[in-house]
Amino acid sequence: MRTDMINSNANLNNSEQNGSFEGAPPTSGAMSESLIQIMWRSRWILLITTLAALIGAFAYLQKATPIYTSTSRIYVEQSGPRIMSETEEGVMTRSKNYLYTQAELLKSTPIISAALKMPGTNIKRMKILENIDNPIGFLKGKCLQVSVGKKDDIISISSDSPKPAEAAQLVNTIVDSYITYHATTKRSTSAEVLKILQSTKSQRGIELSERLKAMMDFRKENEGLALESSHGNIILVKLERLSTALTEAQLATVESKAYVESIKRMIASPANLRQYVEAERARSFYSPANNEEARLKSRLEELQRRRADRLRQLTAGHAAVVAIEAEIAQINEQISKLDEDFAQAQIVIAEQQYLVAKEKEAELNKQYEEQRKEALVLNEQLAQYTLLQSEWEQTKKLCDILDDRIKELNVTEDVGALNISILEVARPADGPSKPQKARIMAMALVLGLMLGGGLGLVRDWMDQRLRSADEVSAVLGVPVLGVVPSMPKRQDIVARGQKTRLDSDSREAEAFRTIRTAVFFGAPKSDTKTILITSPAAQDGKTTTVSNLAIAMAQAGQKTVILDADFRRPMQHKIFEIGSRKRGLSSVLAGVTSLREDILPTKVKGLHVMTCGPDVPNPSEILNSKAFAELLEKLSKAYDRVVIDSPPVMPVTDAKILAALCDVTLIVLRAEKSTRKVSQQAQEGLLSVGANVLGAIVNDVSRKGGRYGYYSYYGYSYDSYYGRKKDKSRKKVSAAVI
């Protein structure tokens, strides 16, 4: 008996509920349909959102002001001549860092300010600068774009404006201002060194004249000096060599001092400092700071691109833009600090060289003085003359070397200036560059499709209805025993409840026969004598399922009885047209009538029905009584199948009580109505009392769709299969009455 198997079945069902049922997919990951099916159901949402996006983009294009872009391309070349060393050669700077520096200089305040003040131009009156309080900031931030070529050293300057002529005029004016700025203000390191050498040459020329005069005066006063004796005098020869070495040391000291002073002059100006640092790093040695500077400039370029992107969407005073500009300023300060550190390091090196040269000069001068004293001991007069001659020769050599340096430089005040070539002059654009109609419409199409698809997915995710047999099986973890097509709404309850008998060739009848087969083969006959049919909620079609399934079982030769245990809303007496409910289950349990008297025959051979009887105030207590359990046991012994109709699971507890007493339980779900959450709760409620849920039945499946599967097979009927037309006028054969 079923009551003896409750505990074992409860343990089995609980294990299946906890996920130990092998082969059952997880309910949380169950997908009812493919993405294409979901999109097809949401096709109107997809279509409307896409059309709305396209209409919005079209309206924007109609109202958007066309923007014209003009571009000028220039080639900037820096050259530097030989300055100090004999082996130095001209330097051609092609450093990317230097080009980026020039690109930033093109957008700097001095260049733009000079362009605004250039005579013959009316930049301030341009349309793009109307009602702009800070034209320099506006041009730097939004209107002017400067970029360096990725595969070449060409700098491109472009501007956007509603008027094409204004954009071209603005770009050309900026380029002219940049060229003028370099032509009038830039000075190179060589020019500064040349100035120092010329000053030193002037001083040494005066000193040379004075020493020559002193030597000639001394010679006049000492005409009898035997100058020839000096040729064989070792002391005098040594004195001469020391004089030569001292001269070279003094020249090295002068050059070192001139180099130190030239560097100090260069770093006094930020623009000259930048030029000096770029030139020094490009022509000479590697510095560890180069990697850090390159990283900072790379970061600066990235921030400038981000600022330009943000300014397209945000205002200049927005917090995000201000933060980016603050970081840009910080990086510029770090780059300037690196330049200053590099220059300071060069100054330290030059000063160290200057100190070494001075020490060498002092040492040579000391030795020279010692040798001179020894020469004076031999011949004071000769030594005095030799000293005057040596000083004169030393000064003369220094002046000759300075003359050679000045001649070799052969530079003018424009030494080191940039060679700027205008490769392409900005011209008014023939057509607008913004907005890009094709791109905007394509973006609107993509965004509309994405938005519509997203809304469709959200709508499908929020819709908790079970939409396919696979989803029912995945969510509940039980097989779908059958799918019942929807019956016409115009049919009365008798026609729907006895569809298997009245229209045996219909698809509905075939569906119930399929369910009958699934029940017969789903478990041994001894374990499926008492069958409870219930549903999660009302109006799911469990009552018509009970009657039609019972008819199908009886037609298969099974002695079957229908037990209407739905005291809340009994319907079996109406389906089988019994009429009155004066006798039935409640009267038998109350002892008013006998079981034999209240089991009534039907028009189907082998099928009987017991109505619920008169209404009772306490249905749950009656079903949970010992008398009902004994009655159910008697019926299971007298009949092959006992099919029980019960109330829904969720509203009342009657179905749970009956499920605990029956051998198997079938859950009826209504297509496009039953939800995942309610169905799971109903199944969990049944499993909590140890019910043996054999499977699920999907009811009222639309004839227009096949998402629940199996439906196409119901197109076969017995007559059509054997090639005979169905005779709708034939008489319905009544089954024998028991």
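Readers should treat all values here as calculations from the given coordinates under stated rules, not as data from a laboratory. Treat the numbers as computed from the prediction; the structure is a model and nothing was measured. Positions of Cβ are backbone-derived with ideal geometry, glycine not excepted, and every protein chain shown enters the neighbour counts.
Some values worked out for this structure:
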quantity	calculated
Positive-pole candidate from Val494, Phe512, Gly454, dipole of segment 427-520, charges at beta carbon	Gly454
Net length gained if the chain between Thr593 and Glu369 were fully extended (0.36 nm per residue, minus Cα distance)	65.5 nm
Residue order, fewest to most beta carbons within 10 Å, for Cys612, Cys399	Cys399, Cys612
Around His318: net Lys/Arg minus Asp/Glu count, Cβ-Cβ under 15 Å	+2
Residues of type lysines that Lys213 reaches as a straight line, Cα spacing below 17 Å, ignoring anything fewer than 8 places off in the same chain	Lys396, Lys397
Likely footprinting exposure, Trp461, Trp40, fewest C-beta neighbours within 10 Å first	Trp461, Trp40
Per residue, the convex hull volume that the Cα atoms of segment 512-597 enclose (Å³)	128 Å³
Ordering of 442-455, 565-578, 658-671 by burial proxy (mean other Cβ atoms within 10 Å per residue, highest first)	658-671, 565-578, 442-455
Cα convex hull of segment 135-177, projected area averaged across orientations, nm²	3.5 nm²
Across Lys195/Lys360; Lys637/Lys673; Lys117/Lys434; Lys373/Lys407; Lys337/Lys434, pairs whose alpha-carbon gap is larger than 32 Å	Lys637/Lys673; Lys373/Lys407; Lys337/Lys434
Kirkwood-Stokes translational diffusion coefficient of segment 607-672, alpha-carbon pairs, 25 °C, 0.890 mPa s, µm²/s	185 µm²/s
Thr71, Thr500, Thr653 arranged by Cβ crowding within 10 Å, fewest neighbours leading	Thr653, Thr71, Thr500
Chain lengthening between Lys220 and Thr65 when straightened (0.36 nm per residue, less Cα-Cα)	46.3 nm
Proximal charge balance of Thr543 [Cβ under 15 Å; K/R count +1, D/E count -1]	-1
